[in-house]
Structure formats: structure tokens, C-alpha cells
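Read-outs: derived from the displayed coordinates by stated rules, not from any lab. Since this is a predicted model, take the numbers as computed values, not measurements. Here Cβ is always computed from backbone atoms with ideal geometry, including for glycine, and neighbour counts include all displayed protein chains.
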Amino acid sequence: MGVRDILRADILRTYDYLQGSRLRRTVNCLRSPGVQAVIVFRFGQWLDTQTLALRLLLHPVYFVLNGLVQIMWGIELPRSATIGPGFYIGHFGAITIAPDVVIGSNCNISQDLTIGLSGQGERAGVPTIGDNVYLGPGARVFGKISIGNNVKIGANAVVYKDIPDNAIVVLDPGFKIVSYKGNHSSGGE
């Protein structure tokens, strides 16, 4: 697949989630922070494959656009990451993806998410994430690990070990009751 086809697959993932007329869906799709971030990301990757003259000419444009995506939307998506077609960013804000991360096709990510570097020596590295993976809000995935295909990682889960295909990973326990006294006090206590 060429960059144009990959970008089209990315944009269509968002377009398909939207409702309304074709015009409304198109406008809302292009206004989406996730789509804007992916467009800049794919532009940066395309730019890396061009001639030196074109790279020198357009690199400042990429640099400014990437900076705007980070400042305005809180999405850090380095062009050195490898991400398959159909990448969908559902909500913006506090999204950090480390350089050299590998993410497969048709993956969904949510807000307040980190996919990052961890470890030392031979254990140092970044995750490799398979196809059709969903990462919920607040998820943290880090280290030289492998996440299989068709995996769902729930909200606020912290993943630092390999996850096999078709697994569902959640934060356990979600909460703990530490008292049954309520939030009001009685008389002289």
C-alpha cells in the first residue's frame, strides 16, 4: 500500500464512525484532532522517502504542523513509529507514542494513553502491537513487549508483559471499598 492508500484507510475509519450527511461527515472528519494528527504523521513519513531537496524544503512545514498537533491536541506521534493502515484516534489529549513503536492495522487508541520505552540493556525497547487492537483511556503499554492481534486493553490498564492474541486486559481490581461510614460525620466525632 502506498501512503495515499494508507492515509485513505485512516481517514475512512473516522468517517465510518461519524453520522449525518456525506458533507457533514466529511467536515467533521477533517476537523477531528485524531485525523489531523494522522495526516501530519503520514506526511512526515512520506517526507522521509523524498529527495533531499524536497525534504529540506518541506521539513519546516512538517516541523510546524507536528508542533501544532502536540500543542493544540496533546498528541505526540513521531514519524519514526510504524503504524499500519486504518489507525483511529478516538479522542485527543495526553497521547504519547514513543519513537520506533510498531502498531498494526485497524487499531484504535483513546485519550490519556502512553505507548512507551522502558527497560535497560537487552530488555530496553518499545512495544510491538498487533492488528485490530483497542487501547482504552488511560492505558499504559511500555517496554520491549508484544501485544497480539484482536486484543482489547481496558481503561487505566498497565501492560508491561506480552499479551497473546484475542486477550482482553483490564485493571484488576478496579476499586476497593475501604469504609462503609459514608462521607458525613455525626455530632462530636
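Averaging the inverse of every distinct alpha carbon separation and then flipping it gives the Kirkwood radius. What is it for the chain, in angstrom units?
18.1 Å
Where both partners of a DSSP beta bridge lie in the chain, what percent of those bridges are antiparallel, to the nearest 5?
Within the chain, antiparallel bridges account for around 5 percent of the total.
Once you charge only the Cβ atoms, +1 for Lys and Arg and -1 for Asp and Glu, what is the size of the charge dipole of segment 72-164 about its Cα centre, to the nearest 20 debye?
Result for segment 72-164 is approximately 100 debye, rounded to the nearest 20.
Between Gln120 and Arg8, how many nm apart are label points set 7 Å from Cα along the C-beta direction?
Simple spin-label model gives 5.0 nm for this pair.
Cβ neighbours within 10 Å, averaged per peptide: list 84-92, 122-130 in order, most packed at the top.
Highest-to-lowest ranking by the protection proxy: 84-92, 122-130.
Output ³J(HN,Hα) for segment 60-77: one whole-Hz value per residue in order, computed from phi by the Karplus curve 6.51 cos²θ - 1.76 cosθ + 1.60 with θ = phi - 60°, and x for Gly and Pro.
x, 5, 4, 4, 5, 4, 5, x, 5, 4, 5, 6, 6, 10, x, 10, 9, 10
If packing is taken as the average number of other Cβ atoms within 10 Å across a peptide's residues, how do 15-27, 34-46 rank, most packed first?
Result, highest mean Cβ count within 10 Å first: 34-46, 15-27.
Between the helical axis of 3-17 and the dominant principal axis of the chain, each derived from Cα atoms, what acute angle in degrees is found, rounded to the nearest 10?
Tilt relative to the chain: about 40 degrees.
Using helices alone, what [θ] at 222 nm do you get for the chain, with -39,500 (n - 2.57) per DSSP H run of 4 or more residues, divided over all residues and rounded to the nearest 500?
It comes out at -10000 deg cm²/dmol, rounded to the nearest 500.
Mind listing the long-range amide H neighbours of Val159? Cut-off is under 5 Å, sequence gap 5 or more, other chains count too, H placed in the peptide plane at 1.01 Å from N.
Those lying under 5 Å, H to H, from Val159 are Arg140, Val141, Phe142.
Given R₀ = 25 Å, FRET efficiency for Leu52-Met1 by Cβ-Cβ distance, to 0.05?
Using R0 = 25 Å, I get an efficiency of 0.50.
So what's the net charge close to Glu76: Lys and Arg +1, Asp and Glu -1, counting the other residues with Cβ under 14 Å from its Cβ?
Local net charge: -1.
Return an integer: the convex hull volume of the alpha-carbon atoms of segment 97-166, in Å³ per residue.
69 Å³
Separation between the Gln70 and Asp16 pseudo-spin-labels, each 7 Å from Cα along Cα→Cβ, expressed in nm?
Here the answer is 3.2 nm between the modelled labels.
Assign unit charges at the C-beta atoms only (+1 for Lys and Arg, -1 for Asp and Glu), then state the dipole size of the chain relative to its Cα centre in Debye, rounded to the nearest 20.
460 debye
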